[in-house]
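**Q** Structure provided below as structure tokens; questions to follow.
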Amino acid sequence: MEGTGQAAASGMAGARVDDGAAGGKALKVVAAVDASEESLHALSWALDHVVRCHPDAALVVVHAQHAVDHFVYPVAAHGIAYAPATAVESMRKAQEENSRRILARALDMCKERQVDATGAIVEGDPKEAICQAVERFQAGLLVLGSRGLGRIKRAFLGSVSDYLSHHACCPVLVVKPTKAQAK
Amino acid sequence: MAAEASSASPAAEGKMTVVVGVDESDHSFHALQRVLRHFFPPGQPQRYRLVVVTAIPTAIGVVSPGVVMDVRAFVEADLNRAAQRVLDKAKDICAQVAGDAEFEAVVGDARRVLCDAAERHHAEMLVVGSHGYGAIKRAVLGSVSDYCVHHAHCTVMIVKKPKHKN
């Protein structure tokens, strides 16, 4: 009896470590969103076309928040902007509020389609932060909008989606805006 | 009866079309296998329509000018055979998918062939493997996956072969 119990335990451990050649492994989908409409459209596309057909899929909505300290260094000399601690704090609070709003909007969209999703906020440079998040969550699929950085950063040609499609450790789904949306 | 139902329903259901680009590389077959694993699980009614496309490079690009015409015909025949081998291998891999899958070999540059196939089949998603080249190799050798992401009108899925299995 004890022998079979031990065998079962080690069998389960093996299954956890294994990449999962079995077809039953649930698909873990990570969707990256920001303030842009395109990323929300990407999420909605994924909800309609991927999650709907994988009822056991787990969905995580990720928002990458720029680290606030990055912008402001308290340097006394040379007239570089010196921000008192209170300003840094209020910037951080504003950022968090912004992130929460974005995530709330995304999670509402998931709820509308009766999909259980969890939200996560990661800090730092969006490219690397999302890349690391994908590894941490052991995602099976990453969903991105193609102009996720918004209009101003469009000049960089969606460098986040470019970077991630080559560096993420899982397949990357890049969703294009529909012709109606592309203005 | 179940077979009739599944073949009658696609028109009504509007199955999503998935186009997968393959070539001789392992990376593309890995991408195909990933697509099958996640989107075409065996033993269930298929919810997507699969189209597998491979590009046949034009012989003109391969053979240098000033060569006897016979050689060009030979090269073309050889390229067609190579493409057919790729499709045969893909058919083996897709054997589990219910008869819906289509296989095409189209002459032309891989980039345009894949994007055009996606448009022709009104695909909702185009899947390509990626060789995982660094930025410099991509700039020099040209990346099909890069081109597809920027020029396809539909969603593009890029599947990389993992460098190491943990």
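**Q** Give the average, rounded to an integer, of partner chain Cβ atoms located within 10 angstrom of each Cβ in A:169-178.
**A** 6
**Q** Where Lys and Arg each count +1 and Asp and Glu each count -1, what net charge lies around residue A:64 among other residues with Cβ under 12 Å from its Cβ?
**A** Surrounding charge for residue A:64 is -3.
**Q** Within a 10 angstrom radius of each residue's Cβ in A:39-50, how many Cβ atoms of other chains show up on average? Whole number is fine.
**A** Per residue, the average neighbour count from other chains is 2.
**Q** Here's another thing I want to ask about it. Roughly what % of Cα-Cα distances in region A:102-150 sit above 17 Å, to the whole percent?
**A** In whole percent, the long-distance tail amounts to 45.
**Q** Just to make sure I understand: if all protein chains stay in place, what is the order of A:116, A:34 by accessible area at 1.4 Å, largest first?
**A** Correct descending sequence by accessible area is A:116, A:34.
**Q** OK, next. Under the rule of at least 5 residues apart or a separate chain, name every residue whose amide H is placed under 5 Å from the amide H of residue A:57.
**A** Residues meeting the amide H criterion: A:27.
**Q** Using a basic spin-label model with each label point 7 Å from the Cα along Cα→Cβ, how many nm lie between residue B:116 and residue B:70?
**A** Distance between the two pseudo-spin positions: 3.1 nm.
**Q** Let me ask something else. Order A:45-58, B:26-39 from most to least packed using the mean count of other Cβ atoms within 10 Å.
**A** So the order, starting with the most tightly packed, is B:26-39, A:45-58.
**Q** How many partner chain Cβ atoms sit within 10 Å of a residue's Cβ in peptide B:151-157, on average, as a whole number?
**A** 6
**Q** Compute the signed sum of charges (Lys and Arg +1, Asp and Glu -1) over the other residues within less than 15 Å, Cβ to Cβ, of residue A:97.
**A** Its environment carries a net charge of +1.
**Q** What accessible area, in Å² to the nearest ten, does a 1.4 Å probe give for residue A:123?
**A** Residue A:123 has an accessible surface of roughly 110 Å² with all protein chains in place.
**Q** Additional query: For residue A:120 and residue A:92, compute 0.36 nm times the residue count separating them, minus their Cα-Cα distance, and round to one decimal in nm.
**A** The residue A:120-residue A:92 span can extend by a further 8.4 nm.
**Q** Net charge near residue B:82, counting Lys/Arg +1 and Asp/Glu -1 over other residues with Cβ under 14 Å of its Cβ?
**A** Around residue B:82, the surrounding residues sum to -2.
The values are calculated or read from the model by the stated rules, or taken from the named source; none is laboratory data. Keep in mind that what you see is a predicted model, and the values were worked out from it rather than measured. Positions of Cβ are generated from backbone atoms using ideal geometry, with glycine treated the same way; all protein chains shown enter the neighbour counts. Keep in mind that these areas ignore ligands, DNA and RNA; they rest on the heavy atoms of the full protein, side chains included. Shrake-Rupley method; radii C 1.70, N 1.55, O 1.52, S 1.80 Å.
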